[in-house]
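The structure appears below as structure tokens.
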Amino acid sequence: MLSTLTDGIAPRPLLLLIFLSMAGAHASAAPKLILQVTVDQLRGDLPTRYYDRLGEGGFRYLWESGIVYRDAHHAHANTETIVGHTTLATGAHPSSHGMVGNLWFDRETGFTTYNVEDPSYRLLTQGASVDASTEIDPTQRAARSEGRSPRAILVTTFSDELRASTGGEAKVIGVSVKDRGAISMAGHSGTAFWFSKASGEFVTSTYYLDKYPGWVDAFNQAKPAQQFAKTSWQLLHEEDGYLFGDSDDREWETDVGGFGRTFPHAFGDGTSPYFTTWLTLSPPGDRLVLDFAKLALVEEELGQDQVTDYLSVSFSSTDYVGHVFGPSSLEAEDNILRLDRALAELFAFVDERVGLDNTLIVLSADHGGPDTPGYLKGLRIPAGYVQPDNWDKDAAITRIKQRFDIDGDLIAAYDHPYVYFSDDVKNDLDIDQEALEAAVVAELSKFQGISLAVSSSALDHGNLPDTSLYRAVINNFNSKRSGEVFIVFEPNWFINDMEGLTVASTHGSPWSYDTYVPLVFAGAGLAPRTVDRRVQTVDVAVTLSAYMGIKPPSGANGEPLTEVLAKQAVETREP
């Protein structure tokens, strides 16, 4: 709640007047550019874990010049990529924005849906659809259509509201390796570009454009991915200068297509079917995004007039490295140091083109991530893996089938974090669905690795304990997309099978290692400050809206962060 100014002396009525009058104050004080940086799987402790070895201008610039919220968390239970990105973009919980998971089962179509797939809008680049044989990300393989759009997002984003408030004059661009990382932030009214592993180019869909701008064609024609052919990912420093320098080869790390578990990781001559996948699960993925984002800033003339523009840059390599090697690995450590350099380069470039005093920067993450069970067990911390594919065959589920006279499958699918019952079961009018859900919840709750199971009926009725864990599950519940039972694994237990590929770790829980993310606002003349109170990621879009003096996104649940608005509040305060 909005209760005080930063000095703790302003009464609530004065604050209300301050925020109501802020729109007028921003007419002359609005930044030329809003730069929103989202780092995929950047757990909140990672930017400062290696602080003594960071360079100048990247994380150090943010932490020493910005407003740092040291206890920022996502408030929803399924901490996956599309869920977190859309929450940051909309200020809404998944229950409102609808992106309840990277995948959900669509009962209207009878198919599992990948969050941003849309057959109505094909990719502009022919042949850029996902190649299942080279794709490490299973959600991409689940998509039935190569078409993409933001239409499954049920509410507006901050970038949508910025465009609407300026009569469509604000330019909005989202860039990422991942389609969902770009699309969610660009919203319904901006333009999104993402990297296609199949073509080695940055692509978009006909939802956004009828043809590529000349600068995009030129960038792609230069074959940007090929710059890494015949090179390798090598350490920035000597091995003994790393926290995990003596841990380069661990048995739980994943060797993807021969990329190896030890440095150097060779990219080959560029002809391997895994070549572009290797780029994205290492620092070159971020390099490609950085180069494209810098070019977009120049060619689209972002921040060059009096109308505030918006650029979203979503870096994904940290996520892929975390999945394949784990966040406490030599690869993850080196990747953070290289990400720091990428951020420094981005900020310096923005400073040269627009000026950091004219740019409001916000950095956060779509989710955190757990350490690997192998690493944790070495510290005597309980951890393990869960195998949902075996649940329907368990004796306990068999007994439930007999009790409710179910001949076929009871569980049709497990699309994290939801158990979906088969259509035959759902359509059987003789089955008491609430009773069946309750029975499944009671049995699944006893399974190894499961901390909590919650039925959709209970979520619909709202008769649940008022705890942070249940609130996180409720925040993730959308009756049209959620399954019959929501599953919360035990802390440090998760699925490690991604379409046949065994990975080191997987996020997607309501536990703090997955919800805890960095949150920093910088630039635009903000005074440095550290804030220790707990805040939520739904606050980001609302704060940006309040800063700009425009209405918040349509489904927003967050509250403005007063520290970011303090300068404007002081300027607007009546004597």
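Before moving on, here are some points about what is shown:
- Any chance residue 343 is surrounded by 24 or more Cβ atoms within 10 Å (Cβ to Cβ), assigned to a helix (DSSP H, G or I) and under 20 Å from the mean Cα position of the chain (by Cα): yes
- Considering residues of the range 74-114 that are hydroxyl-bearing (Ser, Thr, Tyr) and surrounded by fewer than 24 Cβ atoms within 10 Å (Cβ to Cβ) only, the residue nearest to residue 311 (Cα to Cα): 96
- Of all residues in the range 28-59, those being out of contact with any strand residue (DSSP E or B) (no Cβ under 8 Å at 6 or more places or on another chain), of a type in the set (A, V, I, L, M, F, W, C) and under 22 Å from residue 526 (Cα atoms) number 3.
- Verdict on residue 179 being surrounded by fewer than 22 Cβ atoms within 10 Å (Cβ to Cβ), out of contact with any Gly (no Cβ under 6 Å at 6 or more places or on another chain) and at pLDDT 95 or above: no
- In the range 31-62, the residues that are surrounded by fewer than 20 Cβ atoms within 10 Å (Cβ to Cβ), in contact (Cβ under 8 Å) with a residue 24 or more places away in the chain and closer than 22 Å to residue 534 by Cβ: 45, 49
- Residue match in the range 497-515 (condition: surrounded by fewer than 23 Cβ atoms within 10 Å (Cβ to Cβ), of a type in the set (A, V, I, L, M) and touching a helix residue (DSSP H, G or I) at 6+ places or on another chain (Cβ under 6 Å)): yes
- Qualifying residue in the range 100-121 (condition: over 22 Å from the mean Cα position of the chain (by Cα), modelled with pLDDT under 95 and assigned to a helix (DSSP H, G or I)): no
- Qualifying positions in the range 487-521 - farther than 27 Å from residue 541 by Cα and outside any loop (DSSP other than H, G, I, E, B): 487, 488, 489, 493, 494, 497, 498, 501, 502
- Where helices (runs of 4 or more DSSP H) fall wholly inside the range 370-456, the ranges with 1 or more residues that are more than 34 Å from the chain's Cα centre (by Cα) and exposed (fewer than 15 other Cβ atoms within 10 Å of the Cβ) are 395-403, 423-426, 433-444.
- Test result for residue 243, buried (at least 17 other Cβ atoms within 10 Å of the Cβ) and hydrophobic (A, V, I, L, M, F, W, C): no
- Within the range 182-192, the set of residues being buried (at least 24 other Cβ atoms within 10 Å of the Cβ) and more than 16 Å from the chain's Cα centre (by Cα) comprises just one member, 190.
- Residue within the range 282-294 that is buried (at least 23 other Cβ atoms within 10 Å of the Cβ) and of a type in the set (D, E, K, R) present: yes
- Options 181, 214; residue that is of a type outside the set (A, V, I, L, M) and under 26 Å from residue 86 (Cα atoms): 181
- Residue in the range 479-490 that is closer than 28 Å to residue 312 by Cβ, surrounded by fewer than 22 Cβ atoms within 10 Å (Cβ to Cβ) and among the acidic types (Asp, Glu) present: no
- Of residues in the range 204-239 being free of Cβ contacts under 8 Å to residues at least 12 places away in the same chain and among the hydrophobic types (A, V, I, L, M, F, W, C), the one nearest to residue 334 (Cα to Cα): 222
- Test: residue in the range 237-254 that is in the same structural domain as residue 342 (by TED's automatic domain parsing), in contact with a strand residue (DSSP E or B) (Cβ under 7 Å, 6 or more places away or on another chain) and assigned to a loop (DSSP other than H, G, I, E, B): yes
- Search result, residues across the range 476-511 that are at pLDDT 95 or above, among the β-branched types (Val, Ile, Thr) and touching a Ser or Thr at 6+ places or on another chain (Cβ under 6 Å): 485, 488
The values are calculated or read from the model by the stated rules, or taken from the named source; none is laboratory data. In this text the structure is predicted, and so the values were computed from the model without any measurement. Every residue, glycine as well, gets a Cβ built from its backbone with ideal geometry; the counts of neighbours run over all protein chains shown.
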